[in-house]
Amino acid sequence: MPSKKISGLFLVLPDGQHIKVRSKKISFANIVGERVVRYGVASEQTVNLVDTATYPIFDARSIYRILEQLGVKVEEFIEPSAEGSPLLAGQRPAAEQEIPAEIQRLFPDAPDPIGRLEGLAKVFAAGLAKQPLQSYSRGYKNLNGEAVDSSSVKRYMVASVDEEGIEHLTEFPYLETTHFMPVKEKGKPDEVNVIPRIYLDKFLPEGHYEIYAADDAGRFMMHSLAQRYLNGDYEFPNGEKGEAMIIIDGFHLTSGTTQEYYVLLWPEFYTDKEGKDKFIWRMMTTKTRIMYSKGMAVPVDGEVPKTVQAQKRMLTPSVAVLLEGVV
């Protein structure tokens, strides 16, 4: 009879016994609050809010194609640039032509010049909708849909909302080109940001960076701090000792960004390929911490498994064979 097919995920112990296990993707909890951001133009004690808008940039000939559809004669022209060369070419209405009746009605003697102007605007809008875009630009518009100069627009953060639902804004604080990462070893528990390094694996990394001194004096200071945090004798506020790392909240990698992170900093010593002793500081950015949902109870003295399954030794290739050709 054929042997029973084995399926599932197994952890094979050194003595050949195996443990059937299950897997579940780890969930994560967001630890960085989302900032509510508004864009606006400051005006005395208020901020006039604006929104982003897309402005089309049409081929310059598109407008003349539409004029031709309205009966206007269009001609090509060539003239030298301000510097004398090269020649500039374009299109324009012909100098001598009979004004089409539709255009003639735009003049004051028309019975309804505004209505005719509105109709003409609709003709232009419908025509432009059929023209290919050469490019487009991004900008801002106010609540009335009018274009706003981008140089006057600033970024604001919603600081609070009053009982009437009115938002109180503060200018977005992350516009500095200098960023400080303060290390606080003493103070109230919620002020200290030097914590045991064993918590490093509790966070999901988003980015890894190496931090090094910009000058030689800084190199010596960073080395001294690295030794203090790695010798295992660093004493935390609760009296416990161990290896330490730095955690900083509200960190922004670039100026003006809305992306906010927690940052973990810790030192590492290593030997390079030339045999020289080196050290570096590692920086990890994160927004989330790991949340376990399938934690197993630690067996207590005298406790035995509720069910014991017969375990057979599983014949598996040696690690050396599995790694042959890989490393």
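Could you tell me which trypsin sites (Lys or Arg not before Pro) in the stretch 206-289 are loop residues by DSSP with no more than 16 other beta carbons within 10 angstrom of their beta carbon?
Sparse-neighbourhood loop trypsin sites (Lys or Arg not before Pro): 273, 276.
Could you name the lysines whose alpha carbon sits less than 21 Å from that of residue 154, not counting residues in the same chain fewer than 8 places away?
141
Find how much the distance from residue 154 to residue 73 grows on full extension, using 0.36 nm per residue of separation minus their present alpha carbon separation; answer in nm with one decimal.
The span from residue 154 to residue 73 would gain 24.6 nm if fully extended.
With +1 assigned to the C-beta of every Lys and Arg and -1 to the C-beta of every Asp and Glu, and no other charges, what is the dipole magnitude of the stretch 176-291 about the Cα centre in debye, to the nearest 20?
Result for the stretch 176-291 is approximately 160 debye, rounded to the nearest 20.
Work out the FRET efficiency for residue 307 and residue 223 from their Cβ-Cβ distance, taking R0 = 56 Å, and round it to the nearest 0.05.
0.50
If I take every Cα pair under 8 Å that is 6 or more residues apart in the stretch 176-291, average their sequence separation and divide by the length, what percent do I get for the relative contact order?
Here the relative contact order equals 31 percent.
What chymotrypsin sites (Phe, Trp or Tyr not before Pro) does the stretch 172-246 have in DSSP loop regions with at most 13 other beta carbons within 10 Å?
180, 212
Which residue, chosen from 251, 189, 211, occupies the Cα position most advanced towards the positive end of the dipole of the stretch 176-291, where the dipole is computed from +1 (Lys, Arg) and -1 (Asp, Glu) charges on Cβ about the Cα centre?
Most positive-ward Cα: 189.
Using a Förster distance of 51 angstrom, determine the FRET efficiency expected from the C-beta separation of residue 55 and residue 208, and round it to 0.05.
My answer for the efficiency is 0.80.
What pairs from 188/287; 186/276; 20/202; 188/278 go past 30 Å between their alpha carbons?
Violating the 30 Å limit, Cα to Cα: 186/276; 188/278.
Considering only DSSP states other than H, G, I, E and B, which GluC sites (Glu not before Pro) in the stretch 41-80 qualify as loop sites with at most 16 other Cβ atoms within 10 Å?
Loop-located and lightly packed - 44.
Along Cα→Cβ, 7 Å out, is where each label goes; now give me the distance between the ones at residue 143 and residue 293 in nm to one decimal.
Calculated label separation equals 4.3 nm.
Normalise the Cα radius of gyration of the stretch 176-291 by 2.2 N^0.38 Å (N = residues in it) and let me know the number.
1.12
Only the coordinates and a few stated rules stand behind these numbers; no lab work does. What you are looking at is a predicted structure, and each value in this text was computed from that prediction instead of being measured. With ideal geometry, Cβ positions are generated from the backbone for all residues, glycine too; neighbour counts draw on all protein chains shown.
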